[in-house]
Amino acid sequence: MKYMIMLVACGFLWGSQYIFNAIALESMPALWIAALRSTIGALVLIVACYFLGLKREPGHWRLLFVIGLLEATLPFLLVAWGQQTTAASHAAVITGMNPLLTILLAPLLLKDSDFSVKGILCGLIGFAGLLYLFLPQLQAQSASQFVGAAAIFIAALSFALSLILVKKLEHLHPVVVARDVIALSALQLLPLAMLFADLNVTQISVDAMLASGYLGVFCGGVVYILFMQLIMSKGPAFASFSNYLVPTVGVLLSYLVTDQAFDSRILVSLAIIMFAIFVYQYQGKRSSAAQEAPSAVHNS
């Protein structure tokens, strides 16, 4: 139950990013939104590690640099940039492909991971729930949005790869890993923002500043503490299921903010998504029990 609560929390925090990205984009370049998100998030994680008394082990910098690029730098930048021409709902659908991509890529990159029929089916069921929710919007999407949508898809693929690579650092404390990953992402993005994106501070609205602060503190800091723990404890495929909650949460929040009429598709989609999550988790428990049984017999 603890991990399900963490999963829902991750889905809620990341589901809110699309609203705040849209607000920040009104008066800030996408590159600066991504850079500030990483920088503020890194500061939150540095403070968290300090008060928790957590220190890192030496080494792993090359792998952490790559993970930072794949997990934060590219997704933060590409999603914000893609949302300039792609509706928030479409962006959420595309990033919702993350779990299916993770399930398909994990067996190719992890020695202890095999293709699972049930895992693939759960991914397809969850994605079907997303398609059901956003089918009306997808049917209305124009060709001019293709470039932005392609950028967001690359972000989803990048994030899926990062989930698998993080599993290689499961012997390290998850909060320390999160701190190093986001800090390295900030070091990658800040120089780019300073060199290639003009930022006129006097033209930034208060709403954009607050939105950028929220993205940094919660979507770049707090959520990674939860998410890294999920990856270390339950594996990258299960952790990636939080992305099925992202679009549903995003739509719910948009309805609350804009006072739009409630759509019953949300409840149906959420039921489908939660069903896929529970089925996949049940599979994981059975697999763990099967692996422990032979070990117990051998030791006895």
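The values are calculated or read from the model by the stated rules, or taken from the named source; none is laboratory data. What you see is a predicted model; the values in this text were computed from it and never measured. When we count neighbours, we look across all protein chains shown, and the Cβ atoms used for this are built from the backbone with ideal geometry, even at glycine. We work out accessible area using only protein heavy atoms, side chains counted, and drop any ligands, DNA or RNA first. Shrake-Rupley method; radii C 1.70, N 1.55, O 1.52, S 1.80 Å.
Between the DSSP loop rule and a limit of at most 16 other Cβ atoms within 10 Å, which chymotrypsin sites (Phe, Trp or Tyr not before Pro) in the stretch 97-134 are left?
Working: sites: 115, 127, 132, 134; in loops: 115.
Those that pass, being in a loop and sparsely packed, are 115.
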Discussion item. If every alpha-carbon in the stretch 1-74 counts as one equal scatterer, what log10 I(q)/I(0) does Debye give at q = 0.13, 0.17, 0.21, 0.24 1/Å?
Written reply: -0.58, -0.95, -1.21, -1.24
Item to complete: Set Lys and Arg Cβ to +1 and Asp and Glu Cβ to -1, take the dipole of the stretch 1-285 about its Cα centre, and tell me which of 82, 35, 220 lies farthest positive.
Response: 220
Fill in: Sum of side-chain charges, residue 39 neighbourhood, beta-carbon under 15 Å (Lys, Arg +1; Asp, Glu -1)
+1
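Could you work out the local net charge near residue 172, counting Lys and Arg as +1, Asp and Glu as -1, over the other residues with Cβ closer than 13 Å to its Cβ?
On the way: positive: 55, 56, 167, 168, 179; negative: 57, 170, 180.
Residues close to residue 172 contribute a combined charge of +2.
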Worksheet, complete the sentence: The correct ranking of 102, 85 by accessible area at 1.4 Å, largest first, is 85, 102
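So what's Rg/Rh here for the chain, counting alpha carbon atoms and using the Kirkwood radius for Rh? If you can, show how the numbers build up before the last one.
Working: Rg = 19.2 Å, Rh = 19.6 Å.
Across the chain, the Cα-based Rg/Rh ratio is 0.98.
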Worksheet item: Taking a probe of 1.4 angstrom, what is the accessible area of residue 257 in Å², to the nearest 10?
Response: 100
Discussion item. Once you place label points 7 Å from the Cα toward the Cβ at residue 267 and residue 114, how far apart are they in nm?
Written reply: 4.2
Worksheet item: So for the chain, taking the charge dipole from beta-carbon charges (+1 Lys/Arg, -1 Asp/Glu), which of 196, 172, 15 sits furthest toward the positive end?
Response: 172
Fill in: Residue order for 19, 33 - accessible surface, 1.4 angstrom probe, largest first
19, 33
Discussion item. In the stretch 123-245, if the dipole is taken from +1 on Lys/Arg beta carbons and -1 on Asp/Glu beta carbons about the Cα centre, which of 211, 136, 242 is farthest to the positive end?
Written reply: 242
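With the Cα gyration tensor of the stretch 128-278 in hand, give its eigenvalues times 5 under a square root as the equivalent ellipsoid semi-axes, listed largest first in whole angstrom. Write down the numbers at each step before the final one.
Details: eigenvalues 151, 124, 52 Å².
Result for the stretch 128-278: semi-axes of 27, 25, 16 Å.
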Discussion item. For the stretch 1-285, what is the number of Lys pairs with C-alpha distance below 22 angstrom, counting only pairs 8 or more positions apart or on separate chains?
Written reply: 17
Response to the item:
Among the DSSP H helices of the chain, those whose Cα atoms extend at least 18 Å along the helix axis and whose mean Kyte-Doolittle hydropathy is 1.6 or higher are 30-52, 146-166, 174-196
Worksheet item: With every protein chain present, what is the per residue accessible area of the stretch 1-285 (1.4 Å probe, Å²)?
Response: 45
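Once neighbouring chains are kept in place and the probe is 1.4 Å, which whole percent of the accessible area of the stretch 1-285 is contributed by carbon and sulfur?
Numbers: 9060 of 12760 Å².
Roughly 71 percent of what the probe reaches on the stretch 1-285 is carbon or sulfur.
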Practice prompt. For an R0 of 22 angstrom, estimate the FRET efficiency from the Cβ-Cβ distance between residue 54 and residue 3 and round to the nearest 0.05.
Written response: 0.60
Worksheet entry | Value at 222 nm in deg cm²/dmol, rounded to 500, when DSSP H runs of n ≥ 4 in the chain each add -39,500 (n - 2.57) | -25500 deg cm²/dmol
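Based on Cβ point charges of +1 for Lys and Arg and -1 for Asp and Glu, what charge dipole magnitude is obtained for the chain about its Cα centre, in debye rounded to the nearest 20? Mind showing how you got there, number by number?
Working: 14 positive and 12 negative charges, 144 e Å.
That gives a dipole near 680 debye.
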